Amino acid sequence: MKILAIMGSPRKGNSYKLTRLIEDRLKTKGEIDFEYLFLKDTELANCIGCHLCVQRGEEFCPLHDDRDHILKRMEEADGVIFVSPVYMFTITALMKNFVDHLAFLVHRPIFFQKPAMIFIHRGDMFQESIKYMARVARSWGFSVVARLGIPDPDDMTPQSREKSIRKLEKETDKFFRALESGKLPAPSLYDLLGFRVWKINALALKKDFPADYQYWKEHKLFDKDYYYDAPINPLKKVIARLLEPLVRMFMRRTFQGY
């Protein structure tokens with residue numbers, strides 16, 4: 001199995017050292033090809049928020065940088081680990097710029113076959129950073145199966161370090177089990193509602209957002225309850241359908257074009 005760790009730190013510091021422990025743990029479980037992608041070594045210009053990747057398609061991005069190379073490596077991996085230290089209460093600028101470059105994946109997710117692990121160094125104190133990256137990865141289609149936050153190793157007492165290492169091993173084991181099973185998760189009510197919101201968006205704004213409409217049409221999603229075939233709780237399905245008119249009403253009142 002091939003694992004890709006996307007590293008958001010501008011240096012090889014504690015987040016890298018701790019990720020090496022994740023790598024070592026995974027390699028005790030099976031035959032693992034573990035790769036690192038250091039965002040500091042890539043060419044990613046600052047996203048200018050032009051929205052062309054969302055509206056017309058990612059090929060219309062005016063920056064012409066390493067985005068597609070990174071995307072290809074993510075597609076080739078069986079699972080992805082997103083790693084960032086906390087800088088001023090949140091993820092690094094490198095990681096945030098990377099996230100911005102893939103904004104179109106929120107509209108047109110592609111990573112449904114892949115589990116993801118979120119590792120935020122110092123995320124034990126800033127859980128919102130873990131939640132943010134988990135939300136991002138889920139919006140791209142990933143199944144977020146493991147979440148980890150650990151303080152600086154040098155600042156920990158021996159007892160705290162031992163506890164943190166056990167947490168690291170536990171979350172790493174969760175990640176490996178998901179890799180082995182290959183099972184797609186059943187969508188939550190939140191997932192089902194999000195699916196319907198983007199479906200409404202793709203239909204209502206097909207002239208302004210042709211890339212979205214084409215994605216939904218090509219994948220034959222307009223007549224489906226979710227992006228992929230999975231057991232859906234019947235009650236959740238009914239609730240999502242009943243709430244759809246309210247979603248449409250809100251969007252018509254709030255946004256032009258609906």
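Observations on the model:
- Candidate set: region 190-215, residues that are closer than 13 Å to VAL106 by Cα and touching a Phe, Trp or Tyr at 6+ places or on another chain (Cβ under 6 Å); chosen: the one surrounded by the fewest Cβ atoms within 10 Å (Cβ to Cβ): PHE195
- Residue list for region 140-183, filter: over 19 Å from the mean Cα position of the chain (by Cα) and not in a helix (DSSP H, G or I): ILE150, PRO151, ASP152, MET156, THR157
- A Cβ distance below 6 Å, combined with a sequence gap of six or more or placement on separate chains, defines the contacts here; from region 69-86, residues that are touching a residue at least 12 places away in the same chain (Cβ under 8 Å) and among the small types (Gly, Ala, Ser) reach residues that are surrounded by 16 or more Cβ atoms within 10 Å (Cβ to Cβ) and assigned to a strand (DSSP E or B) in the pairs ALA77/LEU4; GLY79/ILE3; GLY79/PRO115; SER84/ILE120.
- The residues on offer are GLU31, GLU43, and the sole one that is out of contact with any Leu (no Cβ under 8 Å at 6 or more places or on another chain) and at pLDDT below 95 is GLU31.
- Put simply, of ILE130, ILE150 the only residue that is outside the structural domain of TYR227 (by TED's automatic domain parsing) and modelled with pLDDT of 95 or more is ILE130.
- Here LYS207 meets the list (1) charged (D, E, K, R); (2) more than 21 Å from the chain's Cα centre (by Cα); (3) within 28 Å of VAL145 (Cβ to Cβ) almost entirely, failing just condition (3).
- Under the condition of being farther than 22 Å from SER84 by Cα and either in contact (Cβ under 8 Å) with a residue 60 or more places away in the chain or in a helix (DSSP H, G or I) (or both), the residues counted in region 8-62 number 11.
- Residues of region 115-142 classified as in contact with a Gly (Cβ under 6 Å, 6 or more places away or on another chain) and either without any contact (Cβ under 8 Å) to a residue 24 or more places away in the chain or under 23 Å from ASP68 (Cα atoms) (or both), total: 2
- Taken over region 242-258, the criterion of being in contact (Cβ under 8 Å) with a residue 40 or more places away in the chain and exposed (fewer than 14 other Cβ atoms within 10 Å of the Cβ) is satisfied by GLY257 alone.
The values are calculated or read from the model by the stated rules, or taken from the named source; none is laboratory data. For clarity, every value in this text was computed on a predicted model and none was experimentally measured. A quick note on method: Cβ atoms are made from the backbone with ideal geometry, for glycine too, and the neighbour counts reach across all protein chains shown.
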